[in-house]
Amino acid sequence: MDKIIIRGGKRLSGTVTISGAKNAALTLLPCALLTDEPLTLRNLPRLADIDTFQHLMNQFGVSTAIAGSRPEDFGRVMTLEAARITSNVAPYDLVRKMRASILVLGPMLARMGEAKVSLPGGCAIGVRPIDLHLKALEALGATIEITAGYVRAIAPDGGLSGGRYSFPFVSVGATENAIMAAVAARGKSTLHNAAREPEITDLCNLLMAMGAEIEGIGTSDLVIHGVPRLHGATYRVMSDRIEAGSYACAAAITGGEAFLANARVEEMEATVQALRDAGILIEPRSGGLQIAAEGPIQPVNLSTAPFPGFATDMQAQLMAMLCCSEGTSVLTETIFENRYMHVPELNRMGAQIETSGRTAIVKGVPKLSGADVMATDLRASMSLVIAGLAAQGETNIHRLYHLDRGYERLEEKLSLLGAEVERVGGD
Ligand code: EPZ
């Protein structure tokens, strides 16, 4: 298996192009199921998860075409056409590779009246049940059966009907499944305590472009008026706010600077505030965000929270940066029950982090040392990259498939910023 070798200590400087958002793309792609007309998505990031989703859509009989893009271009244009759906089953071998496959449940149910998806199961960061997805679809009239490791959702003969659902706590995926089903249900649906992540706003904007009628976009109370038909559209995927925050932490830990092209401050205000609290200069510029480390990194205390709070997907990356701060930081992970897998690996690089339940105490150290480390999940692996950039000596990061799921052409982007990084095979 591939690994990445980073020779740390280089100060990063320059421009990094932020790609399309993985977590937006993974909810925009299944919208193709809601119409028999072509849906063209631009700025799709070149990621393993996007490839997996494309295979899944092909499995349903959806045609997908990648428009010509030069190898050096970031992002791709994909046109999906679900004129004829030949299968409404998402099989275990694809779902187990990518949990986001569950996001076909709502749109497939709305289109075909029945959908069968392998239960996604847990992952490194937590159990990740889908009970809220199922309850929201039941509120729209669906019948849910779980047998032999599959969830089967069935709509009444006349199709889904508008309903009301109040989420007991915020769930991004469950909100997305509910929205994609409700836009094609008969009548009005109201969703209370819906997730407000920018990726949900991106989803609603795409659906509106396809003819959906949604009120309250960007708020936690959505009113959706179902329409009999949705049409095709061409839509540009939003930029990846988590990738942008990750590169900001990478530049900051090296005492460097970077222009994050395409990053939008309004999608990452909590991250911007945390970086400013850590003493990092970060200012919006036309077309992106300028970040620069000025003086030593200061400790930061924060809890992760649903948007607009500090994103759980940024916790591991911020923690890596805080390992080199001048004091002690206290981080609390409130979204997932097991999202500190990066801690033992960071400690092997000389960090001083103690965890107790959902809380991590990060005592800053003067230097980190390069080591062989193991990636365990997507964001944990990025935190090891960030630590490796500042560590003295060489860091080898193994199990790179985690990184390839969420960071487009990582080594290239880091090299363009002056990092000494290479990918080698045969690990
Ligand atoms: C999305 O996952 C993202 N993935 C995650 O990003 C992100 O960490 C998460 O939202 C939170 O922001 C994609 O968008 C593809 P949730 P999702 O439903 O939808 C529990 C990354 O690194 N829950 O908001 O699965 C759940 O276990 C990934 O890019 C239930 O109990 O997250 C978790 O504790 C990781 N029942 C909490 O809610 C449910 O039915 C929030 O999960 C659904 C969720």
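The values are calculated or read from the model by the stated rules, or taken from the named source; none is laboratory data. Fair warning: this is a prediction, and the values are worked out from it, not measured in the lab. Backbone-built Cβ (ideal geometry, glycine too); neighbour counts: all protein chains shown. Protein only, heavy atoms only, side chains kept; ligands, DNA and RNA dropped before computing areas. Shrake-Rupley method; radii C 1.70, N 1.55, O 1.52, S 1.80 Å.
Things worth noting here:
- Taken over the stretch 119-142, residues that are open to solvent by less than 30 Å² (accessible area, probe 1.4 Å), of a type in the set (A, V, I, L, M) and within 8 Å of the ligand (Cβ to nearest atom) amount to 4.
- Residue list for the stretch 163-175, restricted to those being open to solvent by 10 Å² or more (accessible area, probe 1.4 Å) and within 19 Å of Leu33 (Cα to Cα): Gly173
- Test: residue in the stretch 297-313 that is under 23 Å from Leu417 (Cα atoms) and modelled with pLDDT of 95 or more: yes
- Residues in the stretch 217-235 that are buried (at least 16 other Cβ atoms within 10 Å of the Cβ), in contact with a strand residue (DSSP E or B) (Cβ under 9 Å, 6 or more places away or on another chain) and not β-branched (Val, Ile, Thr) were compared, and the one that is farthest from Ala261 (Cα to Cα) is Gly226.
- Residue match in the stretch 74-94 (condition: under 20 Å from Asp404 (Cβ atoms) and in a loop (DSSP other than H, G, I, E, B)): yes
- Filtered by the rule that a residue be open to solvent by 30 Å² or more (accessible area, probe 1.4 Å), out of contact with any strand residue (DSSP E or B) (no Cβ under 6 Å at 6 or more places or on another chain) and at pLDDT below 95, the stretch 52-96 gives Gly68, Arg70, Pro71, Glu72, Asp73, Asp93, Arg96.
- Criterion (of a type in the set (Val, Ile, Thr) and within 12 Å of the ligand (Cβ to nearest atom)) met by exactly one of Val183, Val172: Val172
- If the condition is being in a loop (DSSP other than H, G, I, E, B), more than 16 Å from the ligand (Cβ to nearest atom) and crowded, with 21+ Cβ neighbours inside 10 Å, then the stretch 275-315 contributes Ala278, Ile297, Val300.
- Residue check, Arg111 under 15 Å from Ala185 (Cβ atoms) and crowded, with 17+ Cβ neighbours inside 10 Å: yes
- One residue stands out among those in the stretch 316-342 that are surrounded by fewer than 16 Cβ atoms within 10 Å (Cβ to Cβ) and outside any loop (DSSP other than H, G, I, E, B): the one that is nearest to the ligand (Cβ to nearest atom), which is Thr332.
- Exactly one residue out of Tyr247, Tyr235 is modelled with pLDDT of 95 or more and closer than 30 Å to Ser13 by Cα, and it is Tyr247.
- Only residues that are within 16 Å of the ligand (Cβ to nearest atom) and either in contact with a His (Cβ under 7 Å, 6 or more places away or on another chain) or of a type in the set (Phe, Trp, Tyr) (or both) were counted in the stretch 49-92, giving 1.
- Restricting the stretch 390-402 to residues that are outside any strand (DSSP E or B) and out of contact with any Asp or Glu (no Cβ under 9 Å at 6 or more places or on another chain), the residue that is most open to solvent (accessible area, probe 1.4 Å): Gly393
- Pairing each residue of the stretch 93-122 that is at positive phi and free of Cβ contacts under 8 Å to residues at least 40 places away in the same chain with any residue that is β-branched (Val, Ile, Thr) and in a loop (DSSP other than H, G, I, E, B), provided the two are 6+ apart or on different chains, yields C-beta distances under 9 Å for Gly121/Val127.
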